[in-house]
Amino acid sequence: MITGSNTTARITPAMEQGRQTILLVDDEEIIIDVTGLMLKQIGVEVVTAHNGAEAIDLYQTHQTHIDLVILDMVMPGMGGGDTYDRLKAINPDVRVILSSGYSLDEEASAILDRGCSDFIQKPFDLQSLSQKIQDVLA
């Protein structure tokens with residue numbers, strides 16, 4: 001168990017052994033920093049990308065080591081929807097949690113309908129992030 005800011009996050013045995021690697025994609029440095037720290041707190045390795053193109057390059061090179069992608073929906077240049085479609089073209093079984101500061105809207109729903117694994121709304125806490133990851137990786 002990890003405790004922090006009035007929440008308790010459950011840690012799976014695989015997470016305790018550091019077996020998961022998550023590609024975190026967001027154009028905002030503060031989101032990369034804070035979410036990266038949260039992910040490290042729950043025992044996963046974090047790889048970061050600051051835009052869709054960088055995410056595609058990293059995933060293409062390291063897809064066998066990346067278990068999950070947390071993908072910001074709204075980014076300049078290549079947005080979350082296009083990035084997701086390109087990740088899916090590389091690996092039809094890619095697991096992606098779509099992340100947005102906006103509530104689940106038509107665009108996010110369309111991405112989920114195309115096979116995206118789940119959605120999490122920003123800001124999220126350690127408990128909700130941990131639970132989403134566990135649900136998707138289960």
Q: Look at region 48-64 and say how many of its residues are free of Cβ contacts under 8 Å to residues at least 24 places away in the same chain and in a loop (DSSP other than H, G, I, E, B).
A: 0
Q: For residues that are over 18 Å from SER100 (Cβ atoms) and surrounded by fewer than 21 Cβ atoms within 10 Å (Cβ to Cβ), tally how many sit in region 51-63.
A: 9
**Q.** Per-region count, region 33-50, residues at pLDDT 95 or above, out of contact with any strand residue (DSSP E or B) (no Cβ under 7 Å at 6 or more places or on another chain) and buried (at least 16 other Cβ atoms within 10 Å of the Cβ)
**A.** 2
Q: Output the residue which, of all residues in region 5-27 that are within 12 Å of SER130 (Cα to Cα), open to solvent by 30 Å² or more (accessible area, probe 1.4 Å) and not in a strand (DSSP E or B), is modelled with the highest pLDDT.
A: THR12
Q) What pairs come up if the first residue lies in region 124-138 and is under 16 Å from LEU24 (Cα atoms), the second is at pLDDT 95 or above and basic (Lys, Arg), and their beta carbons are under 6 Å apart, counting only those six or more places apart or on different chains? A) VAL136/ARG95
Q | region 101-129: number of residues that are out of contact with any Ser or Thr (no Cβ under 8 Å at 6 or more places or on another chain) and among the polar types (S, T, N, Q) | A | 4
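Which is under 17 Å from ASP125 (Cβ atoms), modelled with pLDDT of 95 or more and either surrounded by 15 or more Cβ atoms within 10 Å (Cβ to Cβ) or among the hydroxyl-bearing types (Ser, Thr, Tyr) (or both), of ILE66, ILE2, ILE97, ILE30?
Just a single option satisfies the conditions, and that option is ILE97.
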Q: From (1) farther than 17 Å from GLN134 by Cα; (2) modelled with pLDDT of 95 or more, pick out the condition that doesn't hold for VAL74.
A: (2)
Q: Would you mention how many residues in region 102-135 are in contact with a strand residue (DSSP E or B) (Cβ under 7 Å, 6 or more places away or on another chain) and open to solvent by 20 Å² or more (accessible area, probe 1.4 Å)?
A: 13
(Q) As an exercise: evaluate LYS40 against (1) farther than 21 Å from LEU126 by Cα; (2) free of Cβ contacts under 8 Å to residues at least 12 places away in the same chain; (3) not in a loop (DSSP other than H, G, I, E, B) and give the number of the one condition it does not meet. (A) (1)
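The values are calculated or read from the model by the stated rules, or taken from the named source; none is laboratory data. If you're wondering where the values come from, they're calculated on a predicted model, not measured in any experiment. For neighbour counting, all protein chains shown are included, and Cβ atoms are generated from backbone atoms with ideal geometry for every residue, glycine included. Just so you know, the surface numbers come from the protein's heavy atoms only, side chains and all, with ligands and any DNA or RNA stripped out. Shrake-Rupley method; radii C 1.70, N 1.55, O 1.52, S 1.80 Å.
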